[in-house]
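Some notes on the structure that comes next.
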């Protein structure tokens, strides 16, 4: 059974020859670049001080899981995305850089940073140092924090268009690029293609401050945005409405370019849960977000064979039926350490209706702070629960973080091979 066949079967809630594995196919299922470097050395692909790993997602400093490492670790999925990253520049013209922990890496040519007196590192949108910085990596940190660049809001002159600047019609050049990438991955690998085309993340708080724009306008402050979902609900609804129109037009063009060569489309990365409960009320989700999730999912299911993917951290159990009703096929990251997110309960109640993509091992506690044996046991236990009758793709609960012992990451993959 090929990886593509395996993933397709599991997505259809059927058993396969083994559990499918994803690491690196999305910005929320990846591995920190320094851990990727250590992992490559541990499995014999690189020698210490050898090849530099590429930083393919500079906001979270995620490392490239290339086809060589995919084969070594028996990973089944590979990502497909647009030309630009979260800071608004392309992943090309690679150059050397060094992390705070001394790990040598490669970064894109427009990865232009500036140190502050206190040792923090500033990042600039589109790599343009003449613009205000949009990201900050604290001294000895592992990734960038967003710098909010919103001034005071003039209610009389606040326009919906300001928060739509990043949602534009896809260009012919971008379509050709996606077509070429998709054809290459489909023809030259047997991996399941997971696409992140962008534009469908309604209210994704990683995107609201627009670290990719030089001079963002509108509501861009994180706190102000969340307040606005109540105090300016009609205004936010109109933003989503216009965004959705553009997204559906772009999806039609993308469908014509890539066809059914992809298996999964990443729709939403908006977080609705905290460690203890919902971040917003269920009613607000149903009023403000669900109508647009349903429109996008209905379009996808009417016109393609793609499966739709929602990422939402935290205790989202009260919304899972809403996600299902909105048409989502896949839930990630399945944060089992959050309240009311017990793996057995989730599988028994929702396992026949939605695919769990994640939940394979706790990346808050077990993976960074447990022993290798504890990691192996948790991986085994989670697979036994989630992979019954298919409907499961293995991944950790969100990205593997930079302070994770590589011995525990190796134990994770050893456990996967043993099952």
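Would you confirm whether or not the stretch 304-317 contains a residue that is in contact (Cβ under 8 Å) with a residue 12 or more places away in the chain, within 23 Å of residue 394 (Cα to Cα), in a helix (DSSP H, G or I) and touching a strand residue (DSSP E or B) at 6+ places or on another chain (Cβ under 9 Å)? Checked against the condition, which is being in contact (Cβ under 8 Å) with a residue 12 or more places away in the chain, within 23 Å of residue 394 (Cα to Cα), in a helix (DSSP H, G or I) and touching a strand residue (DSSP E or B) at 6+ places or on another chain (Cβ under 9 Å), the stretch 304-317 yields at least one hit.
Rundown of residues vs (1) without any contact (Cβ under 8 Å) to a residue 60 or more places away in the chain; (2) buried (at least 18 other Cβ atoms within 10 Å of the Cβ); (3) more than 16 Å from residue 214 (Cβ to Cβ), yes/no style:
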| residue | (1), (2), (3) |
| --- | --- |
| 115 | yes, no, yes |
| 124 | yes, yes, no |
| 136 | yes, no, yes |
| 143 | no, yes, yes |
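Counting residues in the stretch 54-67 that are within 30 Å of residue 2 (Cβ to Cβ), free of Cβ contacts under 8 Å to residues at least 60 places away in the same chain and over 18 Å from the mean Cα position of the chain (by Cα) gives zero.
Per-residue answers, yes or no, for (1) over 22 Å from the mean Cα position of the chain (by Cα); (2) closer than 23 Å to residue 260 by Cβ:
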| position | (1), (2) |
| --- | --- |
| 273 | no, no |
| 277 | no, no |
| 282 | yes, no |
| 286 | yes, no |
| 290 | no, no |
| 296 | no, yes |
| 303 | yes, yes |
| 306 | no, yes |
| 314 | no, no |
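Just one of the listed residues (395, 408) is surrounded by 21 or more Cβ atoms within 10 Å (Cβ to Cβ), out of contact with any helix residue (DSSP H, G or I) (no Cβ under 9 Å at 6 or more places or on another chain) and closer than 20 Å to residue 39 by Cβ, and it is 395.
Given the structure, is residue 241 more than 14 Å from residue 197 (Cα to Cα) and touching a helix residue (DSSP H, G or I) at 6+ places or on another chain (Cβ under 9 Å)? Here the answer is yes, as residue 241 does meet what is asked. Within the stretch 167-200, the set of residues being in a loop (DSSP other than H, G, I, E, B) and closer than 14 Å to residue 79 by Cα comprises 189, 190, 191, 197, 198. Got at least one residue in the stretch 21-31 being closer than 24 Å to residue 80 by Cβ, surrounded by 23 or more Cβ atoms within 10 Å (Cβ to Cβ) and over 18 Å from the mean Cα position of the chain (by Cα)? Among the residues of the stretch 21-31, not one is closer than 24 Å to residue 80 by Cβ, surrounded by 23 or more Cβ atoms within 10 Å (Cβ to Cβ) and over 18 Å from the mean Cα position of the chain (by Cα), which makes the answer no. Kindly evaluate residue 151 against the criterion of being at pLDDT below 95, surrounded by fewer than 16 Cβ atoms within 10 Å (Cβ to Cβ), over 30 Å from residue 417 (Cβ atoms) and over 20 Å from the mean Cα position of the chain (by Cα). For residue 151, the condition - at pLDDT below 95, surrounded by fewer than 16 Cβ atoms within 10 Å (Cβ to Cβ), over 30 Å from residue 417 (Cβ atoms) and over 20 Å from the mean Cα position of the chain (by Cα) - is met. Looking at 251, 230, just one residue is in contact (Cβ under 8 Å) with a residue 40 or more places away in the chain and either in contact with a strand residue (DSSP E or B) (Cβ under 8 Å, 6 or more places away or on another chain) or surrounded by fewer than 19 Cβ atoms within 10 Å (Cβ to Cβ) (or both), and that residue is 230. Each residue in the stretch 354-378 was checked for being in contact with a strand residue (DSSP E or B) (Cβ under 9 Å, 6 or more places away or on another chain) and in a helix (DSSP H, G or I), and 2 of them qualify.
Within the stretch 267-279, the set of residues being touching a helix residue (DSSP H, G or I) at 6+ places or on another chain (Cβ under 9 Å), within 17 Å of residue 236 (Cβ to Cβ), assigned to a loop (DSSP other than H, G, I, E, B) and modelled with pLDDT of 95 or more comprises 270, 272. Taking the stretch 354-364 as the range and being farther than 13 Å from residue 11 by Cβ and either surrounded by fewer than 24 Cβ atoms within 10 Å (Cβ to Cβ) or free of Cβ contacts under 8 Å to residues at least 60 places away in the same chain (or both) as the test, the residues that pass are 359, 360, 361, 362, 363, 364.
The values are calculated or read from the model by the stated rules, or taken from the named source; none is laboratory data. Because the structure is predicted, anything quoted here is derived from the model rather than measured. Virtual Cβ from ideal backbone geometry, glycine too; neighbours counted across all protein chains shown.
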